[in-house]
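The structure appears below as structure tokens.
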Amino acid sequence: MLGLGLLTLIGCDGAGESAVAADPHDRPAAAVATTQPPADTPAEGDASMTFPLEKTDAEWREQLTDMQYHVTREAGTERAFTGEYWNNKADGTYQCVACGQPLYRSETKFDSGTGWPSFYAPLNDKAVVTKVDRSLGMTRVEALCSRCGAHLGHIFEDGPKPTGLRHCINSVSLNFVPKP
């Protein structure tokens with residue numbers, strides 16, 4: 001049984017950041033950390049996953065900052081409530097920081113209380129692909145840019161209507177382009 005005090009939440013990375021539940025009705029993400037990926041989702045490390053844009057490790061390191069590289073190429077996670085876009089409310093499009101592919105629209109962004117940008121749907125059904133992530137002792141659905149394979153974050157089944165999904169995305173894996 002959950003009390004109304006401080007909770008240790010397992011957010012996008014599952015590492016257990018300490019946070020205060022903004023609303024007593026917010027469910028800690030730990031309740032959905034065992035979300036099962038669809039049966040056709042490729043397994044972690046599946047060699048069959050290829051992407052239209054491929055670069056060498058040296059090319060990615062030259063293009064990206066250290067943190068961008070860590071998150072997008074090594075499946076790292078930025079700390080909650082520290083990213084540039086977690087609280088962004090401007091209208092526009094979020095693009096992959098590594099290749100510029102449009103990924104999410106501001107219209108699908110919502111405040112999940114986790115400290116990471118959260119969206120209930122990608123821009124379209126081809127922008128984001130998924131694979132099974134069994135790191136940190138749990139099974140999750142990892143979100144990747146479909147063009148370059150950049151790690152974006154994870155997808156959970158505790159989002160709002162109409163999809164019921166929460167794409168929990170690292171700010172550092174995104175660029176925001178304001179609507180003109």
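Return a yes/no flag: does the stretch 51-73 have any residue that is open to solvent by 80 Å² or more (accessible area, probe 1.4 Å) and in a loop (DSSP other than H, G, I, E, B).
yes
Would you check if T72 is under 19 Å from P52 (Cα atoms) and β-branched (V, I, T)?
Numbers: under 19 Å from P52 (Cα atoms): yes; β-branched (V, I, T): yes.
Taking the combined requirement at face value, the residue satisfies it.
Which residue pairs have Cβ atoms under 9 Å apart, sit 6 or more places apart or on different chains, and have a first residue in the stretch 141-160 that is basic (K, R) and a second that is open to solvent by 20 Å² or more (accessible area, probe 1.4 Å)?
R147/F51; R147/P52; R147/L53; R147/C99; R147/G100; R147/Q101
Of the residues R27, R79, only one is open to solvent by 40 Å² or more (accessible area, probe 1.4 Å), modelled with pLDDT under 50 and over 14 Å from C145 (Cα atoms); which?
Details: R79 fails: modelled with pLDDT under 50.
R27 is the lone residue from the list that is open to solvent by 40 Å² or more (accessible area, probe 1.4 Å), modelled with pLDDT under 50 and over 14 Å from C145 (Cα atoms).
Quick check: anything in the stretch 74-85 under 22 Å from K131 (Cα atoms), more than 13 Å from the chain's Cα centre (by Cα) and among the aliphatic types (A, V, I, L, M)?
No, the stretch 74-85 has no match at all.
How many of the residues making up the stretch 101-144 are among the small types (G, A, S), surrounded by 23 or more Cβ atoms within 10 Å (Cβ to Cβ) and either part of a strand (DSSP E or B) or over 14 Å from the mean Cα position of the chain (by Cα) (or both)?
Number satisfying all stated conditions: 2.
For G153, only one of the following conditions fails: (1) surrounded by fewer than 19 Cβ atoms within 10 Å (Cβ to Cβ); (2) part of a strand (DSSP E or B). What is its number?
Going through (1) surrounded by fewer than 19 Cβ atoms within 10 Å (Cβ to Cβ); (2) part of a strand (DSSP E or B) one by one, G153 breaks only (1).
May I ask you to verify whether A98 is open to solvent by less than 20 Å² (accessible area, probe 1.4 Å), closer than 24 Å to K131 by Cβ, at pLDDT 50 or above and among the small types (G, A, S)? Give the steps one after another, and end with the answer.
Values: open to solvent by less than 20 Å² (accessible area, probe 1.4 Å): yes; closer than 24 Å to K131 by Cβ: yes; at pLDDT 50 or above: yes; among the small types (G, A, S): yes.
Taking the combined requirement at face value, the residue satisfies it.
The values are calculated or read from the model by the stated rules, or taken from the named source; none is laboratory data. The structure displayed is predicted, hence computed values, not measured ones. Note that we place each Cβ from the backbone using ideal geometry, even for glycine, and neighbour counts take in every protein chain shown. Side chains included, ligands, DNA and RNA excluded: accessible areas come from the protein's heavy atoms. Shrake-Rupley method; radii C 1.70, N 1.55, O 1.52, S 1.80 Å.
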